[in-house]
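The values are calculated or read from the model by the stated rules, or taken from the named source; none is laboratory data. For clarity, every value in this text was computed on a predicted model and none was experimentally measured. Note that we place each Cβ from the backbone using ideal geometry, even for glycine, and neighbour counts take in every protein chain shown.
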Amino acid sequence: MKLIITGGPPSVGKTSLLIHVIKHLKKQKQRCSVVKLDCLTAKDDEQYKRQGIKAIVGLSTYICPDHYLASNLERITRYGIKEKADYLFIESAGLCNRCSPHLKNNLSITVLDMLSGIRAPQKVGPLLKSADVVVLTRGDMISQAEREVFRTEISRINRRAKLLEVNGLTGQNSQLLARLISQAQSFDSTVPLHLRFPMPGAVCSFCLGEQRAGETYASGNVKLMDLPGISSKLEGSID
């Protein structure tokens, strides 16, 4: 089995992209399964199933989706082995841009929307920096010059990643991505799973359900902004 993790901001075309890729792999008689992880709701499994692709959904609800993924990775890989999948795709919601679902020793794909602006790559963080392949969607809706600038910004952050422009609607260039995926190394269940980048500290009173906002009610792992002329209530009064 080959384990492929795909992450990216919401609505960049991850599901459409994977459907095109899996169609190419199925033509080669490869068994593919998808695990989609999201926050509150997701109907992507229905979209996969309409294309004859086996897919299940996991919802993190009140937990950070990338923390939810990291906690469930072993169970997900066991599911893929049980299903006798040749390829197990994990599609992560990936929301805060501070986390990265990518694992060492497994092919990692990040999907970005070229309509998001030339400064968008600087905001994505570890999700982009740790990727093996960066797939760019909606490039047909901007000029060649804008595409070149966007690609340059990505290369400044991650020089080793392969850059591919894929049309999520038509599937143009998805065959090239499918070929890269087919060359990925196989998943080794005897090797411990290691994230490529540490998760952020996220244990505070708000994580535990506190709804009253403000530093007065913040405890645990808390970081306060440094604002000119404003001191912490815990240290003294406002200047």
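Looking for something among the β-branched types (Val, Ile, Thr) and touching a residue at least 12 places away in the same chain (Cβ under 8 Å) - is there at least one such residue anywhere in segment 178-188?
Initial filter on segment 178-188 (among the β-branched types (Val, Ile, Thr)): 181.
Add one more test, that the residue is touching a residue at least 12 places away in the same chain (Cβ under 8 Å), and what stays is 181.
Yes, there is a match, as at least one residue in segment 178-188 is among the β-branched types (Val, Ile, Thr) and touching a residue at least 12 places away in the same chain (Cβ under 8 Å).
I'd like to know if segment 158-170 contains one or more residues that are more than 21 Å from residue 8 (Cα to Cα) and touching a Lys or Arg at 6+ places or on another chain (Cβ under 6 Å). Working first, answer last.
Residues of segment 158-170 more than 21 Å from residue 8 (Cα to Cα): none.
No: segment 158-170 contains no residue that is more than 21 Å from residue 8 (Cα to Cα) and touching a Lys or Arg at 6+ places or on another chain (Cβ under 6 Å).
From the list 70, 55, which residue is crowded, with 20+ Cβ neighbours inside 10 Å and either out of contact with any Leu (no Cβ under 6 Å at 6 or more places or on another chain) or in contact (Cβ under 8 Å) with a residue 12 or more places away in the chain (or both)?
Result of the check over 70, 55: 55.
Keeping to segment 30-50, report how many residues are more than 24 Å from residue 207 (Cβ to Cβ) and exposed (fewer than 15 other Cβ atoms within 10 Å of the Cβ).
Adding up the residues that qualify gives 4.
Any residue in segment 59-66 that is crowded, with 17+ Cβ neighbours inside 10 Å and either in contact with a Phe, Trp or Tyr (Cβ under 8 Å, 6 or more places away or on another chain) or part of a strand (DSSP E or B) (or both)?
Yes: one or more hits.
Could you check, for segment 216-231, whether at least one of its residues is part of a loop (DSSP other than H, G, I, E, B), at pLDDT 85 or above and exposed (fewer than 12 other Cβ atoms within 10 Å of the Cβ)?
Scanning segment 216-231 turns up no residue that is part of a loop (DSSP other than H, G, I, E, B), at pLDDT 85 or above and exposed (fewer than 12 other Cβ atoms within 10 Å of the Cβ).
Mind telling me which of the residues 93, 145, 131 ends up being out of contact with any Leu (no Cβ under 8 Å at 6 or more places or on another chain) and either in a strand (DSSP E or B) or within 23 Å of residue 16 (Cα to Cα) (or both)? Break it down into steps so the answer makes sense when it comes.
Details: 93 fails: out of contact with any Leu (no Cβ under 8 Å at 6 or more places or on another chain); 145 fails: either in a strand (DSSP E or B) or within 23 Å of residue 16 (Cα to Cα) (or both).
After ruling out the rest, the residue left standing is 131.
Only one of 84, 36 is out of contact with any Phe, Trp or Tyr (no Cβ under 8 Å at 6 or more places or on another chain), outside any helix (DSSP H, G or I) and not aliphatic (A, V, I, L, M). Can you tell me which? Spell out how you get there, then give the answer.
Details: 36 fails: out of contact with any Phe, Trp or Tyr (no Cβ under 8 Å at 6 or more places or on another chain).
Among 84, 36, only 84 is out of contact with any Phe, Trp or Tyr (no Cβ under 8 Å at 6 or more places or on another chain), outside any helix (DSSP H, G or I) and not aliphatic (A, V, I, L, M).
When you look at residue 97, is it farther than 25 Å from residue 26 by Cβ, of a type outside the set (D, E, K, R), surrounded by fewer than 20 Cβ atoms within 10 Å (Cβ to Cβ) and within 12 Å of the chain's Cα centre (by Cα), yes or no? Step through it out loud before you land on a result.
Values: farther than 25 Å from residue 26 by Cβ: yes; of a type outside the set (D, E, K, R): yes; surrounded by fewer than 20 Cβ atoms within 10 Å (Cβ to Cβ): yes; within 12 Å of the chain's Cα centre (by Cα): yes.
Against the criterion (farther than 25 Å from residue 26 by Cβ, of a type outside the set (D, E, K, R), surrounded by fewer than 20 Cβ atoms within 10 Å (Cβ to Cβ) and within 12 Å of the chain's Cα centre (by Cα)), residue 97 qualifies.
Given the criteria closer than 30 Å to residue 28 by Cβ, at pLDDT below 95 and hydrophobic (A, V, I, L, M, F, W, C), does residue 206 qualify?
Details: closer than 30 Å to residue 28 by Cβ: no; at pLDDT below 95: yes; hydrophobic (A, V, I, L, M, F, W, C): yes.
Criteria not met by residue 206.
So residue 153 passes all but one of these: (1) assigned to a helix (DSSP H, G or I); (2) not assigned by TED's automatic domain parsing to the domain that holds residue 28. Which condition number does it fail?
Condition (2) is where residue 153 drops out.
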